[in-house]
Amino acid sequence: MRNRIFTIPHLFKILFLIGLVLVVHLAYISSFFAVFGKAMENTVTGNNYEAYQALAPIITGAAVFLGDFLQMPRFFRKKNIDVVSQTLYFSTILTLITLSAKDLTEQRAFPRSVIVLSFAFLLLYVFTWEMICSFISHKMYDNGELIIIGSNKATMDQVRDKINPSLKGMDLDISRSIRYSDKTAVRSAIRSNAEIFLCPDVPEDVKSDIILSSAKHKTVVYIVPQFYEISLYKSRVINLNDLMVMLVDRMGLTFEQRIVKRCMDILISLLAIILSAPIMLVCAIIIKAGDGGPVFYRQERLTINNKPYKIYKLRTMRIDAEAATGAVISGKDDPRVTPFGRFLRRSKLDEVPQFFNVLRGDMSVVGPRSERPEFVANFEKEIPGYSQRFAVKAGITGLAQVAGNYDTTPQDKLRYDLLYIKNYSVLQDLKIMFLTARAIVTPHLYNRTFEDNKQTFVSTDNADKVVDGDDN
């Protein structure tokens, strides 16, 4: 059955691409009507529309190629966030292709206003079409079976609790957990129709054997990447004589990427400061009236190359917040946070002054979240590869913030930070900004208990290092 040339998934893929082409042209036609309205019938507008018709074959070919290249028809284990990402990439690239094709083919009658407006229609129509097809795809198949493989029951139960909330959207059900030392059970699991999840504590040699055996039996495997695996992501493959070698490049951005990112940072930070100025003024008055303390607080953080700088935020805690506890990570129902401070944190308005840090060049809009030196010192001792997150500037928001939860562990956040650095692009930054805006109006999960954090990190001996007693 697996070797059939033409299957239902193949037919579904073809139908998706046909529908994709239709919604793409519907987006351009909608844009024409939005720009010209009833004037579509006159001669001048007719010439504009004829220019679009001349480009229609190019647009059609580009839509099919992009759809297949971005794996948009592949709905296997696709989450809604993947649909958002693919829609953004597809619409942006197709719009740029259309603009280029218009000039190269000298179809100057095709209005740029229509092409630019069509970008909004593409986002709407393509996203809707993908969601419809995703819904149909999920209904076509029964839920899959997922088997967890780890070293002990405690670890496997922890993994089960962590991943279980996400499995519903992937049409997966956890069937059972088995120890990697039970080789018979592992072999049976790989030969079954189930999918395999490997816990982080599975030894590298065992992990390699399981992945090799799973490939042989066409079994899907999920692994939690360590620094080694992440460093191989998007690495270059070169030949040394007849020896295939993967070149693991330095972490960080190229010169060109740094220039583009800095230009974006300046533009976005200026715009954010201008738009938020009235709101910050109101917040400043309320904070000052509350206890007479300072409106802003400055605190030492680390950015690119472990360079220290002073971060700016609206004060959300009492003036003497860490006089008794020292430097600790804040949590839910933290008694040190003022009533208005809770509002500022929920709305993320306390973060707005960081755009001044971005304008100064200390930070970027998107990047790994900055940490305090005392926390970094501990993390670098405990987490391999933690220092690599300082290959780029600290950010106001980042991949770890939109992909993780409030209580995501530093090690799990590091994986997202390293992936962001390895996979940097302007489109990825735009996607993270969009997801951050969405997250502001979405309830956040907090770290488990404030008391746990007090014991985990820095003792009260560090209280004298705190400037104004606020935290993340």
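Laid out as a table, the results:
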{"item": "Where trypsin sites (Lys or Arg not before Pro) fall in DSSP loop in segment 237-284, at most 15 other Cβ within 10 Å", "result": "R250"}
{"item": "Prolate/oblate/rounded call for segment 106-153, Cα gyration tensor, a/c under 1.5 rounded", "result": "prolate"}
{"item": "Tensor-based shape of segment 35-147 (alpha-carbon gyration tensor, a/c under 1.5 rounded, otherwise prolate or oblate)", "result": "prolate"}
{"item": "Within the chain, helix-based [θ] at 222 nm, where runs of 4 or more DSSP H residues each add -39,500 (n - 2.57), nearest 500", "result": "-18000 deg cm²/dmol"}
{"item": "Listed peptides 352-363, 197-208, 80-91 by packing density, highest first (mean Cβ within 10 Å)", "result": "352-363, 80-91, 197-208"}
{"item": "Kyte-Doolittle mean at least -1.0 and Cα axial length at least 27 Å: DSSP H helices in the chain", "result": "8-36, 43-69, 80-104, 112-140, 255-291"}
{"item": "Three-way shape label, segment 144-224, alpha-carbon gyration tensor, a/c 1.5", "result": "oblate"}
{"item": "Separation of the S100 and I279 label points, Cα + 7 Å toward Cβ, nm", "result": "3.7 nm"}
{"item": "Most positive-pole-ward Cα, Y125, L419, A54, against dipole of the chain from beta carbon charges", "result": "A54"}
{"item": "Read-out percent of Cα pairs over 36 Å apart, derived from the coordinates shown; its label in (1) 27; (2) 35; (3) 44", "result": "(3)"}
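None of the figures in this text is laboratory data; all of them are computed from the coordinates on show. None of the values given here were measured: they were computed from a predicted structure. We place every Cβ from the backbone using ideal geometry, glycine too, and count neighbours over all the protein chains shown.
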